[in-house]
Ligand code: GLU
């Protein structure tokens, strides 16, 4: 593999980064995401002078629009709370803004800008016409009643509805926003607009949702890694897999990896992790997380083989010996130290189901040790790709079977892998899928921006 040097030496990109850092010194996660992309784009910027001439990079790092608003809601005891709501409409060069809504106390503008920025490239990689956006709130859904969740979602949409639309901006789920939340938001949008349109994705099946959307990110991650590993004479068959998280990405990655012949031995939530040497049963995960909305620790109650163990804390999950690691929890969950342990224990491939789960130090460790690295923008694009398929079905006012959607998803993930691998090769970094994904995602957006003139 011809790896790119892990530093920013191009003068143009250095200048843009310096200005960005001066303007947003506190936006740590956003700056981290930008630096990661800039390092990959150096050979492209050098080969294509029209990029600098048209200030493409300066335009790319500044969202087209950022909406911030107040979200007041009342809890079950009658107390009024106020949260902050956001929607970052980052780039619409290739389609309506598209990206999830994150509901988590850690949400701030830095997190949403990092996610929105990544979404531009990810959405471009899907081969479908969707721009990049992200939104959410610092509201914490944990421990809230169903009615509190409904009141929050309705209040959130009471402001957001005026900024979105099926041809403008199509939000979806992310951490803390699942089918239930999308339902309450969709109901409120419909009430306010008197329109039944595909304005949100991840809808319930009777209300215009797509079959296989819930499974899509996790399934897509495995399809992507399977195609990637095939080039290196590897596969999931007979492999030991560790998956962090237990949300919809982790649950369905666990199902697909198992179906492809692997044994998943660990999953986690924000309190701790389960190690089950007999293999995690994804149906139990579904029951605990999707139906009971309970903690992962309760997995022990369903483990009739009595082999599983529960450990407090999250980082320890990366000390478990595995062949393939699929981080599906959250950003920066694998640092350099954890990556070293994974490598020492024989890990051969890492596929990112979460957004930016590996720190730059961790990625450097993977590359130095020739670990196959499927970066988030490419590897977890199956979720948003299937959202775009949901938009297609809504526009055509029909619905496809599970098999049709799943087949399209598989084809898309295979294409994303090859487009990323080819882009890396074209610029002299054969085998570096991280660089290739950034370049392939970027070039399509860049060409559209050049074609559209100096506008959004
Ligand atoms: N939140 C998901 C992501 O990070 C899905 C977004 C969508 O379906 O629009 O890509």
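The values are calculated or read from the model by the stated rules, or taken from the named source; none is laboratory data. None of the values given here were measured: they were computed from a predicted structure. All Cβ positions, glycine included, derive from the backbone under ideal geometry; neighbour counts span all protein chains shown.
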Residue 107 fails exactly one of (1) touching a residue at least 40 places away in the same chain (Cβ under 8 Å); (2) closer than 23 Å to residue 353 by Cβ, namely (1)
Take the residues in the range 259-292 that are free of Cβ contacts under 8 Å to residues at least 40 places away in the same chain and out of contact with any helix residue (DSSP H, G or I) (no Cβ under 9 Å at 6 or more places or on another chain), then tell me which one is nearest to residue 320 (Cα to Cα). 277
Give the range 134-147 a look and list any residue that's away from the ligand (no atom under 16 Å from the Cβ) and surrounded by 18 or more Cβ atoms within 10 Å (Cβ to Cβ), or say none. 139
(1) within 16 Å of the ligand (Cβ to nearest atom); (2) farther than 18 Å from residue 405 by Cβ; (3) part of a loop (DSSP other than H, G, I, E, B); (4) in contact with a helix residue (DSSP H, G or I) (Cβ under 7 Å, 6 or more places away or on another chain): which one isn't true of residue 196, the others all being true? (1)
Is there a residue in the range 28-51 that is over 27 Å from residue 427 (Cβ atoms) and either assigned to a strand (DSSP E or B) or at pLDDT 95 or above (or both)? yes
Would you pick out the residues in the range 89-127 that are assigned to a loop (DSSP other than H, G, I, E, B) and out of contact with any strand residue (DSSP E or B) (no Cβ under 9 Å at 6 or more places or on another chain)? 105, 106, 126, 127
In this structure, does residue 165 turn out to be at pLDDT 95 or above, within 16 Å of the ligand (Cβ to nearest atom) and more than 16 Å from residue 384 (Cβ to Cβ)? yes
Got a number for residues in the range 360-417 being away from the ligand (no atom under 13 Å from the Cβ), in a helix (DSSP H, G or I), touching a strand residue (DSSP E or B) at 6+ places or on another chain (Cβ under 9 Å) and closer than 21 Å to residue 132 by Cβ? 1
Do we find that residue 210 is more than 16 Å from the ligand (Cβ to nearest atom), farther than 15 Å from residue 323 by Cβ and in a loop (DSSP other than H, G, I, E, B) in this structure? no
Tabulated pairs, the range 343-355, first over 19 Å from residue 437 (Cβ atoms), second outside any strand (DSSP E or B) and more than 11 Å from the ligand (Cβ to nearest atom), C-beta under 6 angstrom, 6+ apart or interchain: 343/369; 345/321; 347/322; 348/323
Residue check: is residue 146 more than 15 Å from residue 189 (Cβ to Cβ) and either in contact with a strand residue (DSSP E or B) (Cβ under 9 Å, 6 or more places away or on another chain) or at pLDDT below 95 (or both)? no
Filtering the range 163-189 down to residues that are in contact with a strand residue (DSSP E or B) (Cβ under 9 Å, 6 or more places away or on another chain) and in a helix (DSSP H, G or I), which residue is farthest from residue 206 (Cα to Cα)? 163
Quick test of your reading of the structure: residue 430 fulfils all but one of (1) surrounded by fewer than 24 Cβ atoms within 10 Å (Cβ to Cβ); (2) assigned to a loop (DSSP other than H, G, I, E, B); (3) touching a strand residue (DSSP E or B) at 6+ places or on another chain (Cβ under 9 Å). Name the failing condition by number. (3)
